[in-house]
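Quick notes on the structure that follows.
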Amino acid sequence: MKTLKYKGQLIVALHILFWIISFNVFNSFFSRGIASGYSMDGLELTWMNVLYISNTILLFILMPLIWFVKGISRRIKWAITSLPLLAIAWGILSVLFTNDQGIVFAVVLGYFLDNFLYILIFHITIIAAVYLNINKLIKRYLSQGKFGIYVLSALGLAIVAGVMNYSLFDLVIDQIFPQLFYISWFKVWELILMMIGYLAITTIVFLMWQYAMMLIENREKAQHELSALKAQINPHFLFNNLNTIYALAVKGDVRTKDVILQLSDFLRYVLYDTSSEKIELEKEIEIIRTYVGLQRERINPNITEIELNVEGDFKGAVIAPLLLLPLAENCFKHGIGKSKGTIQIDIQYSKGQLLFHTRNRIALRENPMNQKQGGIGIQNVEKRLNLLYPDRHLLTFVEDNDLFEVEMKINLD
């Protein structure tokens with residue numbers, strides 16, 4: 001999976017989208033940089049006219065960010081970047097050498113000075129507060145579980161940012177652009193509340209993003225573990241079945257071709273048919289039947305008895321692939337020895353609930369088993385269950401004298 005391949009570009013795109021939305025919301029509901037009724041140079045502009053002009057200017061300003069996008073040739077990047085530069089050059093030349101700039105220039109220039117620049121300056125302190133919150137406060141306090149310190153720090157940052165925004169318009173901007181008569185249209189406490197709102201929204205968005213990335217990374221981790229599980233097909237299983245096929249062939253047994261076909265179907269399923277995230281439960285159970293059938297051919301039925309019981313209507317049910325096979329494999333790995341015993345596998349499915357239960361006698365050649373002694377296969381199953389079915393599964397191991405039982409329950413709905 002390549003979900004996180006474009007993570008960097010996606011983050012940049014989300015940041016840009018957030019500020020475009022902020023700019024337009026402020027322009028629509030809070031800005032007072034344009035006279036009442038959106039009147040400029042004798043022109044009556046509708047709300048949609050103002051949004052079109054605003055977003056056109058924003059588009060031109062953001063075009064140089066094309067350099068952050070990978071996979072685009074330099075020629076295209078330079079061509080796109082040159083557009084806002086040409087627009088700026090056109091504006092400067094029009095002011096210097098042309099007396100009649102035309103209605104388009106009058107609207108764009110008038111809007112830019114009266115409204116766009118006002119909103120842009122207003123956002124300076126908001127942007128500073130938001131990125132201080134994301135890059136410093138959240139990482140230093142909230143991510144470390146210091147919730148109280150984070151709340152106090154964020155509140156302090158909002159107060160400082162609100163005061164600075166008010167001071168910026170009353171003390172600084174008037175000195176830089178005296179002819180534009182920029183003043184703060186908000187009281188200090190209103191600006192502080194606005195800063196608190198921005199910090200709260202961006203914190204929630206940041207935490208949602210982190211949670212989404214965690215889910216994606218966990219899913220990809222589960223896929224990697226599935227790939228590793230495929231690579232860990234027990235070589236002893238292959239060798240034992242190949243020896244069984246060889247012995248049948250030497251005897252001229254008519255079952256030889258059927259066993260070869262079974263082994264071929266089993267390997268094809270494990271290596272190729274399990275590439276998707278979910279697979280039909282019926283197929284997963286069918287491969288258990290095939291696996292058990294192959295084991296029956298190689299073991300002595302007078303020593304080891306095999307019982308496979310399957311109940312339920314599996315139509316429409318799906319499951320993550322290769323969750324059942326390692327548990328069945330564990331039975332034969334530790335349950336076949338010189339002493340008599342029974343390997344029992346029970347599969348039940350009803351109303352979205354899957355029960356997979358195995359029971360086998362611990363062979364004399366094996367050491368006593370504990371919970372972790374099931375091997376890499378069972379440990380892999382446990383990890384994948386935690387990733388794919390959190391709070392929707394139960395996996396238990398029980399050892400009683402020389403018997404070992406595994407029970408797995410999954411809510412597949």
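Assorted remarks:
- Fully extending the segment from LEU238 to GLU305, taken as 0.36 nm per residue of separation minus the present Cα-Cα distance, adds 22.0 nm.
- Peptide ranges 163-173, 309-319 listed from the most packed, as the mean C-beta count within 10 angstrom indicates: 163-173, 309-319
- With both labels modelled 7 Å from their Cα along Cα-to-Cβ, the LYS315 to VAL12 distance reads 5.2 nm.
- Spin-label pair ASP391-ALA247: with each label point 7 Å from Cα along the Cα-Cβ axis, the two points sit 5.1 nm from one another.
- Scoring 300-308, 349-357 by mean Cβ neighbours within 10 Å over their residues and listing the highest first yields 349-357, 300-308.
- Projected label points at LEU171 and SER82, each 7 Å from Cα along the beta carbon direction, are separated by 4.5 nanometres.
- 18 Å Cα-Cα threshold exceeded, pairs from LYS221/LYS409; LYS315/LYS351; LYS251/LYS340; LYS278/LYS333; LYS221/LYS383; LYS283/LYS315: LYS221/LYS409; LYS251/LYS340; LYS278/LYS333
Values quoted throughout were computed directly from the atomic coordinates according to the rules given, and no laboratory measurement underlies them. Everything quoted here is computed from the prediction, not taken from an experiment. Note that each Cβ is placed from the backbone with ideal geometry, even for glycine, and that neighbours are counted across all protein chains shown.
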